[in-house]
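For reference, the structure is listed below as structure tokens.
The values are calculated or read from the model by the stated rules, or taken from the named source; none is laboratory data. Remember, it's a predicted structure, so these values are computed and weren't measured experimentally. Side chains are part of the model used for accessible areas, which takes the heavy atoms of the whole protein and leaves out ligands, DNA and RNA. Shrake-Rupley method; radii C 1.70, N 1.55, O 1.52, S 1.80 Å.
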Amino acid sequence: VAGRIEPAIAKLNTQGDIDWIKSYANISNQVAIAFSVEQTNDGGYILSGLASYGSSPISLESNGFIIKTDNSGNLMWSIIDSMTGVVIDVKQTTDGGYIYISNYGTDFPTYIALNKIDPSGNNLWNKSFTNLNYWAMSNIEQTNDGGYVLCGTSIDTTIGIWNLLLIKT
């Protein structure tokens, strides 16, 4: 479709040559942008981002997405998270499921959500962090104690100062 942007991943060999490229056309009818990709324990890949249904990729009509592939980049499953504007990062957890962070809001995201899904992409739980003037969460990692650490930035909107933000669960 003209004007459509689709998320894609490419696998390179050890010499840097392309082994394969896959794109995922059914995520959005307008613009879909990937923000993270990780290899999973089964050799496949998991990627996340935003799918816009409006006239721009930062439209309020955006939903977060997650795509799980096999080791050849073939789609295994995908989810659209209609409660979020963008899925920033997704990681596999020690139990074989996945944890992801997402934000949603207008000028500045009004909340950050920490979401846990099972190996098939089914929602297990979510936790929201609100009223902290989040701007961007950029990374999530599982910690040795089984919790999670989220890293990003926040802004004091009254004086315009950016701060490092860490959340440990």
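Enter the accessible area of Trp162 (Å², nearest 10), with the probe set to 1.4 Å and all protein chains included.
130
Which value, in Å² rounded to 10, gives the accessible area of Val86 with a 1.4 Å probe and all protein chains present?
It works out to around 20 Å².
Ordering Ser102, Ser23 from largest to smallest accessible area (1.4 angstrom probe), what's the sequence?
Ser23, Ser102
Probe 1.4 Å, all protein chains in place: accessible area of Ile155 in Å², nearest 10?
Approximately 20 Å² for this residue.
So how do Asp42, Asp89 rank on accessible area, 1.4 Å probe, biggest first, that is with the largest at the start? Intermediate results must be reported in sequence, preceding the final value.
Values: Asp42 95, Asp89 5 Å².
Correct descending sequence by accessible area is Asp42, Asp89.
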